[in-house]
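Working notes, structure below.
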């Protein structure tokens, strides 16, 4: 895919070379950073995302640095963005480059881009890492964890226009790429389309998103150790669990070569004088072994001079995940199925999490914000984003974010 994109870039330059006699060059460099601290009410070994516990204050989870550079030559723009974070041990690698693409503006309405660019599936995707751009320290995880990665490598088209009192943006993209997603080496072809509608006073914004994709993975590398681990937790010896897991994976109970996914999202922003209301819902319908997550959030905020208190209600779940795993094509008897499904939930694998976030934002100077949040998290006996089953825990976070 990378070779195809480089070839497309060279063709675009060749087509445009006749107009390069009059060259207008512009460049700029922008950036942002967040320094954050987090702890939880959960007692060790219980941890949030396997890293945050009550043993110490974590300084990595919410801390990051991002840089974005733009080099513009006439109607061409070369745009790059790199993000490093404490959550990833400040490593700089290929995944740190969120954007690296060439954009060409045909006119004020039409543009095309090729390279690695934003996986624009959520309302806040455009500035997911720019903490200054939204009220929270980071966007609600119950919804935003549905995207396995923030960027895609492919080709995209954009159309901007005005209709009466509204500005309309239509964005479409296509990618065919191999990515590592958790345990999966995901071979994926994806089509993405989204529409953003904003009134000219910038008071109300509505956004609709849709994507359709096909993918595959190596089910022996993914499912066999997963089933074996579940059976061991049920009390079976490891050698019997390994044999049973090998049998399950050897049978053609799951199609790992043709997984289909359809993603839908809708979001809105209302901001008038001191009032702020944000809301978003998304659902990812998938086939076979992949979960079908859904989630939502709604935020209410009010601006008092430089201070903005806000409250957010959010929820995410994978309710159909284990029905798919153990009932779709599995010929094992119903009694064993029921035992396996119930055990999975009792072990805390079933994902359902609700959260209430109480937040406060303070803007002492331009482009600088100080934020504090208390998160009340419910998992209904599951694990949610914690390492062990739980009913309710608290997460406390403090951050300073700056944009330059």
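Can you report the number of residues in the stretch 353-404 which are in a strand (DSSP E or B) and either within 22 Å of residue 54 (Cα to Cα) or touching a residue at least 40 places away in the same chain (Cβ under 8 Å) (or both)? Spell out how you get there, then give the answer.
Let us first name the residues in the stretch 353-404 that are in a strand (DSSP E or B), namely 353-365, 368-378, 386, 392-403.
Then keep just the ones that are either within 22 Å of residue 54 (Cα to Cα) or touching a residue at least 40 places away in the same chain (Cβ under 8 Å) (or both); that gives 353-364, 368-369, 371-378, 386, 392-403.
Qualifying residue count for the region: 35.
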Any chance residue 301 is within 21 Å of the chain's Cα centre (by Cα), under 24 Å from residue 209 (Cβ atoms) and at pLDDT 75 or above:
no
For residue 251, the lone unmet condition from (1) at pLDDT 70 or above; (2) over 22 Å from residue 149 (Cβ atoms); (3) surrounded by fewer than 16 Cβ atoms within 10 Å (Cβ to Cβ) is (1)
Kindly evaluate residue 61 against the criterion of being touching a helix residue (DSSP H, G or I) at 6+ places or on another chain (Cβ under 8 Å), modelled with pLDDT under 95 and more than 30 Å from residue 103 (Cβ to Cβ).
yes
Looking for whichever is touching a strand residue (DSSP E or B) at 6+ places or on another chain (Cβ under 7 Å), crowded, with 16+ Cβ neighbours inside 10 Å and at pLDDT 75 or above here; the options are 9, 79, 23, 51. Which one fits?
79
The listed residue being free of Cβ contacts under 8 Å to residues at least 12 places away in the same chain and farther than 30 Å from residue 358 by Cα, out of 103, 107
107
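Counting just the residues of the stretch 54-76 that are in a strand (DSSP E or B) and without any contact (Cβ under 8 Å) to a residue 40 or more places away in the chain, which one comes out surrounded by the most Cβ atoms within 10 Å (Cβ to Cβ)?
Here is the first cut: in the stretch 54-76, the ones in a strand (DSSP E or B) are 58, 64-73, 76.
Going one step further and asking which of them are without any contact (Cβ under 8 Å) to a residue 40 or more places away in the chain, we end up with 58, 65, 67-68.
Numbers: 58: 22, 65: 16, 67: 15, 68: 17.
In this case the residue turns out to be 58.
Suppose we filter the stretch 302-319 for residues that are buried (at least 20 other Cβ atoms within 10 Å of the Cβ) and more than 23 Å from residue 383 (Cα to Cα); how many remain?
Initially, the stretch 302-319 is screened for residues buried (at least 20 other Cβ atoms within 10 Å of the Cβ), giving 310, 312, 314, 316-318.
Then drop every residue that is not more than 23 Å from residue 383 (Cα to Cα), which leaves 310.
Residues meeting the conditions: 1.
Please tell me if residue 94 is loosely packed, with under 14 Cβ neighbours inside 10 Å, within 19 Å of the chain's Cα centre (by Cα) and modelled with pLDDT under 95. Quick ask: steps written out before the conclusion?
Working: loosely packed, with under 14 Cβ neighbours inside 10 Å: yes; within 19 Å of the chain's Cα centre (by Cα): yes; modelled with pLDDT under 95: yes.
Answer is yes for this residue.
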Checked 265, 261, 292 against criteria (part of a loop (DSSP other than H, G, I, E, B) and under 19 Å from residue 146 (Cα atoms)); the one match is 292
Residues within the stretch 356-404 that are crowded, with 16+ Cβ neighbours inside 10 Å and at positive phi, tallied:
1
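Hey, does the stretch 274-282 have a residue that's closer than 25 Å to residue 216 by Cβ and at pLDDT 90 or above? Steps first, answer last, please.
Residues of the stretch 274-282 that are closer than 25 Å to residue 216 by Cβ, as a first pass: 282.
After this cut, where a residue has to be at pLDDT 90 or above as well, the list is 282.
Yes: the stretch 274-282 contains one or more residues that are closer than 25 Å to residue 216 by Cβ and at pLDDT 90 or above.
Residue by residue, here is whether (1) over 30 Å from residue 362 (Cα atoms); (2) assigned to a strand (DSSP E or B); (3) modelled with pLDDT of 95 or more holds:
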position	(1), (2), (3)
117	yes, yes, no
129	no, no, no
136	no, no, yes
143	no, no, no
188	yes, yes, no
197	no, yes, no
208	yes, yes, no
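The values are calculated or read from the model by the stated rules, or taken from the named source; none is laboratory data. Predicted, not measured: the structure shown is a model, and the values here were computed from it. Quick reminder, even Gly has a Cβ in these numbers, built from the backbone with ideal geometry, and neighbours come from all protein chains shown.
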